[in-house]
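Structure, as structure tokens:
The values are calculated or read from the model by the stated rules, or taken from the named source; none is laboratory data. Only a predicted model underlies this, so the values are computations on that prediction, with no experimental measurement involved. Glycine gets a Cβ as well: all are built from the backbone with ideal geometry, and neighbour counts include every protein chain shown. Calculation scope for accessible area: heavy atoms of the full protein, side chains included, ligands and nucleic acids excluded. Shrake-Rupley method; radii C 1.70, N 1.55, O 1.52, S 1.80 Å.
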Amino acid sequence: MFQTASSTHAPAQEQAISDVELRQVSKIFDGEVAVRGVDLSIRPGEFFSILGPSGCGKTTTLRLISGFEVPSAGDVLIQGQNVKRTPAYRRPVNTVFQSYALFNHMTVWDNVAFGLKIQGCNRQHLQKRVKEALQRVKMETFAQRYPTQLSGGQQQRVALARALVNRPAVMLLDEPLGALDLKLRKQMQIELSTLHRALGITFVLVTHDQEEALSLSNRIAVMRDGYIEQIGSPSEIYERPNTAFVANFIGDTNLLSGQVEALGESMRVKTASGLQISVDSNQMQLPNRYQATSVSVRPEKIHLSSQRRPGVDNCFEGRVKHMMYLGTHVHCVVELTTGDCLTVLQSNQPQHRPDAQMPVYVSWSAEDCRALAA
Amino acid sequence: MSRSAVTDSRPQSQQVKGSGSLLRWRLTRLIGPSVLLGPAGLWLLLLLVVPVLLILRISLVPGLRPEQAITNYGLDNYLQILQPTYLRVLLRSVTFASGTTALCLVVGFPVAYWLALIAPKRWRNLLLVVFILPLWTSSLLRTYAWITLLRTSGVINLVLSSLGLPEQNLMNTTGAVLVGMTYSFLPYMVLILYASLEKLDLRLLEAAADLGASPNVAFWKVTVPQTLPGIAAGGLLVFVTSLGDFVVPTLLGGPSSMTISRLIYNQFLGVSRNWGFGSALSIVLISAVSIAIALLLKYGDRNPDGFS
């Protein structure tokens, strides 16, 4: 199954020290809490993403690691060393900034050589490494240009080279692709991934783009209002979200709120509108009966059919309210007889193309839905 | 694309009309710029270009005195400047001006830095006004205030003698001139540096720290280069104004610190009354300042695309 494949993909050894560790870290700005008691442990060599909507505290979390912010409470450890009191310029991390923050009074070459010069790297060694770094990001022909003479994507590459030339223990990336257009962003995502594999350095990426996080990361931390909602591999986050927020933020989902009706082998949730939804016991996060809950069903897990399908855990009658043709897929909104509306995504095949207003049956199995804390 | 293709935005129908309408259209295009630039242009022409040309003419009349008719032309006035006495005056003027510029930079940069980057935001404007407050009083008055501080029975010497220390001769020294000029021109330097530092992108300092630069290294490698245009502009302004200042050298420098501006003053309004020589000195001063500005404009900004 997909989940197991991704967990072997993670290069972690459980007993190794974390490259970055946050212990109960909080940050308060003038009475505004930006980060609340965050616990994180990032494994060596991992591509770790911090994902969340704007204002969720993800950038502040990254700045706590880089040292631009001092935690109000808690500890920050880099490779086992407590760096809570270490200024940014003494931390073995390098950042690729959202704004690139290239020095526009220096050439590309001098920008990339900046960190090595400060370390007192000898001339020959410095030239070799700067050249190597520029080659890695395919910018060696632009060495004598100034940043203002480069396009956004080229500046992005220089910013990457300027960070990676120092061979940091951890690379921090603060929405590095946010300013690029979609096509360039996709291309840079592939290059980031290649670079990560080639360098073997721990990458910590901050992003609000769920697709970017899913496609690049070994693990993702989803943040909301300064908290971490869930940490897990991309498939865990997508297939088994812990909260309604995570289910909704990562991809599209249908949320049906209700109450836990039955426990044991055949768990059931009853919605206010009267639907009885069977949920697989492994997918049940809530042990208590009568507890308020939201059942999450992904649109692509729902099956549309013209006849009732026997032997399926959940099957309800409704009619197609809207249909949108998306080329590879067909996107339908189905209104159930109870009044609930469900979004359904079907691959584009003739038998899956119902007409609007047509009566249909929606069905999904118990293990394809999940009961979450409301 | 050709120039006319860019500027010619008339509709097609109008273009095919006769050349008369084309001429009228060209004339209307000239009205805008002349309305905008006319008054200032006239001002500059009458009060700068014409007087400078007059002075250039007078400088070519050997030893022209007031009320004297122009009889012959020659370079005698310029050759007179090359006499060691006057070369010393030129050198002294440049020394005073450079010294003042350096002092203003050393004293002004920390003030501007504090105002732009450290001082609480809501107090900044008020603090800036406080720092440029001296500009609102007459420079003559400010210089006289320095006399009461520096003279033999002045405030500083009173304090020294009350402490049992020997009195110092502070007036009519190079130090007095430098202190007086620095005091006079510091606000200009602070203002210009403030404007430059306020625009400094603080994320660049974070980037420098991220790459291992201590605050000290980041200051020299990022802050100073980034504010170099401001440093150059402030330095030039202070240099030029202190080179032309004659109030401070006259009042605080005494007879021994003759500068080019005092010398010019003497030729026109003082005892010497040699308009020809005075004009030649003025032309030298104007040329020196123009060359300095031209050099700054040409080499002050080495980045081809420019940053400010």
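Summary table below
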| read-out | value |
| --- | --- |
| Residue match in region B:172-192 (condition: at positive phi and more than 13 Å from chain A (Cβ to nearest Cβ)) | yes |
| Filtered residue count, region A:161-171, keeping only those that are buried (at least 24 other Cβ atoms within 10 Å of the Cβ), farther than 13 Å from A:PHE203 by Cβ and at the interface with another protein chain (Cβ under 9 Å from one of its Cβ atoms) | 1 |
| Single residue of region A:133-160 satisfying the filter (within 12 Å of chain B (Cβ to nearest Cβ) and under 16 Å from A:MET188 (Cβ atoms)) that is farthest from the chain's Cα centre (by Cα) | A:LEU150 |
| Counted residues, region A:22-39 - those being closer than 20 Å to A:HIS208 by Cα, surrounded by fewer than 21 Cβ atoms within 10 Å (Cβ to Cβ) and not charged (D, E, K, R) | 1 |
| Leading residue by the ranking (most open to solvent (accessible area, probe 1.4 Å)) among those in region B:252-293 that are assigned to a helix (DSSP H, G or I) and among the hydroxyl-bearing types (Ser, Thr, Tyr) | B:TYR265 |
| Residue ID - least open to solvent (accessible area, probe 1.4 Å), chosen from residues in region A:250-268 that are under 29 Å from the mean Cα position of the chain (by Cα) and among the β-branched types (Val, Ile, Thr) | A:ILE250 |
| From the options B:ALA207, B:ALA145, B:ALA218, residue that is open to solvent by 30 Å² or more (accessible area, probe 1.4 Å), assigned by TED's automatic domain parsing to the domain that holds B:THR101, among the aliphatic types (A, V, I, L, M) and part of a helix (DSSP H, G or I) | B:ALA145 |
| Inter-residue pairs, beta-carbon under 7 Å, first under 16 Å from B:THR148 (Cβ atoms) and in the same structural domain as B:THR148 (by TED's automatic domain parsing) and in region B:158-169, second open to solvent by 90 Å² or more (accessible area, probe 1.4 Å) and hydroxyl-bearing (Ser, Thr, Tyr), 6+ apart | B:GLU167/B:THR152 |
| Residue check for B:PHE246: under 18 Å from the mean Cα position of the chain (by Cα), open to solvent by 50 Å² or more (accessible area, probe 1.4 Å), more than 14 Å from every other protein chain (Cβ to nearest Cβ) and not polar (S, T, N, Q) | yes |
| Residues located in region B:36-59, provided they are of a type in the set (A, V, I, L, M) and open to solvent by 100 Å² or more (accessible area, probe 1.4 Å) | B:LEU36, B:LEU37, B:LEU42, B:LEU46, B:LEU47, B:LEU53 |
| Residue within region A:91-104 that is open to solvent by less than 60 Å² (accessible area, probe 1.4 Å), outside any helix (DSSP H, G or I) and either over 29 Å from A:ASP209 (Cβ atoms) or away from every other protein chain (no Cβ under 14 Å) (or both) present | no |
| Counted residues, region A:211-241 - those being open to solvent by 60 Å² or more (accessible area, probe 1.4 Å) and either part of a helix (DSSP H, G or I) or polar (S, T, N, Q) (or both) | 4 |
| Per-region count, region B:102-142, residues within 23 Å of the chain's Cα centre (by Cα), open to solvent by 60 Å² or more (accessible area, probe 1.4 Å) and at pLDDT 90 or above | 5 |
| Positions within region A:70-86 being under 23 Å from the mean Cα position of the chain (by Cα) and either loosely packed, with under 14 Cβ neighbours inside 10 Å or within 14 Å of chain B (Cβ to nearest Cβ) (or both), in sequence order | A:ILE78 |
| Residue satisfying all of: in region A:126-135; of a type in the set (D, E, K, R) and open to solvent by less than 100 Å² (accessible area, probe 1.4 Å); farthest from A:ALA198 (Cα to Cα) among these | A:ARG129 |
| Within region A:180-210, tally of residues that are among the small types (Gly, Ala, Ser) and open to solvent by 60 Å² or more (accessible area, probe 1.4 Å) | 1 |
| Residue within region B:87-105 that is more than 23 Å from B:LEU263 (Cα to Cα), of a type outside the set (Ser, Thr, Tyr) and free of Cβ contacts under 8 Å to residues at least 40 places away in the same chain present | yes |
| Matching residues in region A:316-374 - criterion: being among the β-branched types (Val, Ile, Thr), surrounded by 14 or more Cβ atoms within 10 Å (Cβ to Cβ) and not in a strand (DSSP E or B) | A:THR338 |
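Here's the yes/no breakdown for (1) farther than 30 Å from A:THR107 by Cβ; (2) assigned to a helix (DSSP H, G or I); (3) open to solvent by less than 40 Å² (accessible area, probe 1.4 Å); (4) small (Gly, Ala, Ser):
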{"site": "B:THR182", "(1), (2), (3), (4)": "yes, yes, yes, no"}
{"site": "B:TYR188", "(1), (2), (3), (4)": "yes, yes, no, no"}
{"site": "B:LEU197", "(1), (2), (3), (4)": "no, yes, yes, no"}
{"site": "B:VAL222", "(1), (2), (3), (4)": "no, yes, yes, no"}
{"site": "B:PRO225", "(1), (2), (3), (4)": "no, yes, yes, no"}
{"site": "B:ALA232", "(1), (2), (3), (4)": "no, yes, yes, yes"}
